[in-house]
1. Out of (1) over 24 Å from LEU17 (Cβ atoms); (2) buried (at least 17 other Cβ atoms within 10 Å of the Cβ), the odd one out for HIS84 is which?
2. If a residue must be touching a helix residue (DSSP H, G or I) at 6+ places or on another chain (Cβ under 9 Å) and within 21 Å of LYS95 (Cα to Cα), how many such residues does region 45-58 contain?
3. Search region 31-58 for residues being acidic (Asp, Glu) and in a helix (DSSP H, G or I), and hand back the single one that is surrounded by the most Cβ atoms within 10 Å (Cβ to Cβ).
4. Among the residues of region 92-102, is there at least one that is polar (S, T, N, Q), part of a helix (DSSP H, G or I), closer than 22 Å to ALA11 by Cβ and out of contact with any His (no Cβ under 9 Å at 6 or more places or on another chain)?
5. Suppose we filter region 103-121 for residues that are surrounded by fewer than 17 Cβ atoms within 10 Å (Cβ to Cβ) and under 18 Å from the mean Cα position of the chain (by Cα); how many remain?
6. MET67 passes all but one of (1) assigned to a helix (DSSP H, G or I); (2) out of contact with any Pro (no Cβ under 9 Å at 6 or more places or on another chain); (3) among the aliphatic types (A, V, I, L, M); which number fails?
7. What are the residues in region 59-85 that are farther than 14 Å from ILE118 by Cα and of a type in the set (A, V, I, L, M, F, W, C), if any?
8. Being of a type in the set (S, T, N, Q) and touching a residue at least 40 places away in the same chain (Cβ under 8 Å) is the filter here, so list the residues in region 84-121 that pass it.
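What follows is calculated from the coordinates using simple rules that are stated; it is not laboratory data. Since we're looking at a predicted model, the values are computed, not measured. Cβ atoms come from the backbone with ideal geometry, glycine included; neighbour counts cover every protein chain shown.
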Amino acid sequence: MQSADMMYAIAQIAVGLAGFSAIIIALNPKPIREWELPEQINIRLLLQVSIIVIFFSLIPPLLTISMQPSNIWRYCLWGYGVLHVADAGFFLFFKSKTAPTIFRIASTLGLLVGLAQIAVT
């Protein structure tokens with residue numbers, strides 16, 4: 001399987017995950033504003049990860065038109081690392097005060113992983 005075909009398959013899986021998240025939202029009898037905070041965080045993470053995976057799995061095949069493959073992966077990993085750090089940092093500094101401890105720990109680890117990813121690339 002070529003890498004572009006693999007990326008398209010990953011994007012299709014992410015679309016399926018986003019669709020599953022939409023079904024969860026539609027079948028819940030309460031409006032999303034009345035959900036508990038952990039439920040809101042979980043559904044946000046499902047949708048956000050799906051959208052990010054779709055974006056970053058469709059970008060490399062598009063960039064092969066004008067760049068070398070080694071640079072494409074480096075730039076995509078760097079971009080994903082920056083996005084990961086921004087998201088984890090935003091959650092850690094603005095949203096985690098009312099979240100359960102496990103979410104604060106996960107967001108701290110996500111921030112560290114994103115920084116390590118940027119440093120490696």
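1. Unmet condition: (1).
2. 7
3. GLU39
4. no
5. Initially, region 103-121 is screened for residues surrounded by fewer than 17 Cβ atoms within 10 Å (Cβ to Cβ), giving 104-105, 108-109, 112-113, 115-121.
If we keep only those that are under 18 Å from the mean Cα position of the chain (by Cα) too, we end up with 104-105, 108-109, 112-113, 115-118.
The total comes to 10.
6. (1)
7. ILE59, LEU62, LEU63, ILE65, MET67, ILE72
8. Step one: list which residues in region 84-121 are of a type in the set (S, T, N, Q), which gives 96, 98, 101, 107-108, 117, 121.
Selection gives THR98, GLN117, THR121.
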